[in-house]
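Student: Submitted below is the structure of interest, expressed as structure tokens.
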Amino acid sequence: MDLFFQDMTETFVKQVYEIERASVQEAWSLNQLTQLLESDAEFRVGIIDGKAVCYYSYYDICGEANVNNLAVEENYRRKGVGTAMIEDLLRTAKSNNINAVTLEVNENNSAAIALYRKFGFKIEGIRRNFYGKESALIMWKREL
């Protein structure tokens, strides 16, 4: 499995949209993802055999990466793609002089929480009813 990461391009927007729809309860629209591509956000995609299999984006807010969204296509979960994606996110953030990363994760997404903890993210807060009736854990990695 040859996975590589690159900056997001219009070529992959529809594929990322399909991953987003299948992964997130309140998915971003195709239009929102296109606008994100045109913004100053860092937006990257993981590709295997010419196909988008994961993606992430973040905004640099005063030297801290605020992750907007990230997901792995279902058929590629638990195969190391998520780990590679977080490695790329942290490497990219560090190369952009980011010194901390924050994200929200559904309180019931134990697999994602375990992955983030593996990379040193810590739970520092909660956003009640962030995902409908489910809350989000606010996680931080303070040192890159």
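The values are calculated or read from the model by the stated rules, or taken from the named source; none is laboratory data. It should be emphasised that the depicted structure is a prediction, and the values quoted were computed from it without experimental measurement. No Cβ is skipped: glycine too gets one built from the backbone with ideal geometry, and neighbour counts run over all protein chains shown. Each accessible area value is taken on the protein alone, full model and side chains, heavy atoms only, with ligands, DNA and RNA left out. Shrake-Rupley method; radii C 1.70, N 1.55, O 1.52, S 1.80 Å.
Student: Tally time: how many residues in segment 50-64 are farther than 15 Å from T11 by Cβ and either under 11 Å from the mean Cα position of the chain (by Cα) or assigned to a helix (DSSP H, G or I) (or both)? Walk me through how you get there before you give the answer.
Tutor: So the first thing to find is which residues in segment 50-64 are farther than 15 Å from T11 by Cβ, and the list is 54, 56-64.
Checking the rest, the ones that are also either under 11 Å from the mean Cα position of the chain (by Cα) or assigned to a helix (DSSP H, G or I) (or both) come to 54, 56-58.
So the answer is 4.
Student: Is it the case that segment 39-49 has a residue that's crowded, with 20+ Cβ neighbours inside 10 Å, at pLDDT below 95 and within 16 Å of the chain's Cα centre (by Cα)?
Tutor: No, every residue in segment 39-49 fails to be crowded, with 20+ Cβ neighbours inside 10 Å, at pLDDT below 95 and within 16 Å of the chain's Cα centre (by Cα).
Student: Step by step: first the residues of segment 61-71, then only those that are under 19 Å from Q6 (Cβ atoms) and of a type outside the set (A, V, I, L, M), then the one that is surrounded by the fewest Cβ atoms within 10 Å (Cβ to Cβ). Which residue is that?
Tutor: So in segment 61-71, the residues under 19 Å from Q6 (Cβ atoms) come out as 65, 67-71.
Filter once more, so that each one left must be of a type outside the set (A, V, I, L, M): 68-69.
On the way: N68: 19, N69: 22.
Here the answer is N68.
Student: How many of the residues making up segment 72-91 are open to solvent by less than 40 Å² (accessible area, probe 1.4 Å) and either in a helix (DSSP H, G or I) or more than 18 Å from D2 (Cβ to Cβ) (or both)? Can you show your working first?
Tutor: Step one: filter segment 72-91 for residues open to solvent by less than 40 Å² (accessible area, probe 1.4 Å), giving 72-73, 81-86, 88-90.
Now drop any that are not either in a helix (DSSP H, G or I) or more than 18 Å from D2 (Cβ to Cβ) (or both), which leaves 81-86, 88-90.
Qualifying residue count, segment 72-91: 9.
Student: So, in segment 104-144, exactly how many residues are assigned to a helix (DSSP H, G or I) and open to solvent by less than 70 Å² (accessible area, probe 1.4 Å)? Walk me through how you get there before you give the answer.
Tutor: Of segment 104-144, the ones assigned to a helix (DSSP H, G or I) are 110-118.
After this cut, where a residue has to be open to solvent by less than 70 Å² (accessible area, probe 1.4 Å) as well, the list is 111-116.
Total satisfying the criteria: 6.
Student: Continuing with this model, one more query. What number of residues within segment 1-34 satisfy the criterion of being free of Cβ contacts under 8 Å to residues at least 40 places away in the same chain, closer than 20 Å to D49 by Cα, open to solvent by less than 70 Å² (accessible area, probe 1.4 Å) and not in a helix (DSSP H, G or I)?
Tutor: Of the residues in that region, 1 qualify.
Student: Let me ask another. Looking only at residues that are buried (at least 17 other Cβ atoms within 10 Å of the Cβ) and not hydroxyl-bearing (S, T, Y) in segment 92-103, which one is nearest to G63 (Cα to Cα)? Steps first, please.
Tutor: We begin by selecting, within segment 92-103, every residue buried (at least 17 other Cβ atoms within 10 Å of the Cβ); these are 92-93, 98, 101-103.
Okay, now just the ones that are also not hydroxyl-bearing (S, T, Y), so 93, 98, 101, 103.
Values: A93: 9, I98: 5, V101: 9, L103: 14 Å.
Across segment 92-103, the extreme among qualifying residues is I98.
Student: Tally the residues that are within 11 Å of A71 (Cβ to Cβ) and among the charged types (D, E, K, R), restricting the search to segment 1-44.
Tutor: 3
Student: Right, here's the next one. Every residue in segment 17-40 that is polar (S, T, N, Q) and touching a strand residue (DSSP E or B) at 6+ places or on another chain (Cβ under 6 Å), please.
Tutor: Residues of segment 17-40 that are polar (S, T, N, Q), as a first pass: 23, 25, 29, 31-32, 34-35, 39.
Listed by number, the residues that qualify are S23, Q25.
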